[in-house]
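To keep things clear, I will list the structure first and then write my remarks on it.
The values are calculated or read from the model by the stated rules, or taken from the named source; none is laboratory data. Since this is a predicted model, take the numbers as computed values, not measurements. Just the protein is used for accessible areas: all its heavy atoms, side chains included, with ligands, DNA and RNA removed. Shrake-Rupley method; radii C 1.70, N 1.55, O 1.52, S 1.80 Å.
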Amino acid sequence: MRRWLSRYWQILTRPSVHFSLGFLTLGGFLCGVLFWGGFNTALEATNTEEFCISCHEMERNPFQELQGTVHYTNRSGVRAECADCHVPHDWTHKMARKMEASKEVWGWLFGSIDTEEKFEAKRRELAEREWARLEANDSRECRNCHEFESMDFTAQNSRASRAHSTSLASGEATCIDCHKGIAHELPDMGPDFEAGQAHSGLASLESYVAHLPNEE
């Protein structure tokens, strides 16, 4: 092992025949800057709303549903885009999510949801996959905008205040447990879904909070 390392160290430290060390160092630095800049530019381009709805499957189904929710239009004018909810902000988790998204590219290539009928048939599978991701990361993407420490319970209706100050504060529940229908239509979950909610103790908090009228 020592001989192997010694051999390659000699190769790395051998003087260049045609170019100076300074030229090679500067050239490597500039190539690194260009690569990193291009990579980041492409990465951010895939996070834009324009990119997400460039395929008609997303524009015709999830995006149309989003437009009718408070995350798209509200009195404050603060709007969430696709990547705000579906792509982590920090680098490590963002890279993991981008690699996972390769399966979505595969689905797009083979038209797994290219019609409204196909999309509806897979709505529950797609929704449950995203719910599981958010449950596993304690609703990280929700918390990028909604900070528990900054919540004013006195400004919330009684139902929301009760849920946030008890189940959310204790860690018994996370955001997605009660806000599954906040941005897109819920799939047909069947009677087992309500039974599961009752068993978890969240039925009294009415997990469909997003679709029920607020108490002003």
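Just a few scattered comments:
- With all protein chains modelled, accessible area of Leu109 [1.4 Å, Å²]: 110
- Only lysines eight or more places from Lys94 in sequence, or on another chain, were considered; those with a Cα closer than 20 Å are Lys103.
- Prolate/oblate/rounded call for the stretch 136-177, Cα gyration tensor, a/c under 1.5 rounded: oblate
- Ratio of Rg to Rh for the stretch 1-148: 1.18 [Cα atoms; Kirkwood radius as inverse mean 1/r over pairs].
- Rounded percent of accessible protein surface that carbon and sulfur make up, the stretch 26-127, 1.4 Å probe: 66
- Take the stretch 98-192 with all the other protein chains still there, run a 1.4 Å probe, and you get 61 Å² of accessible area per residue.
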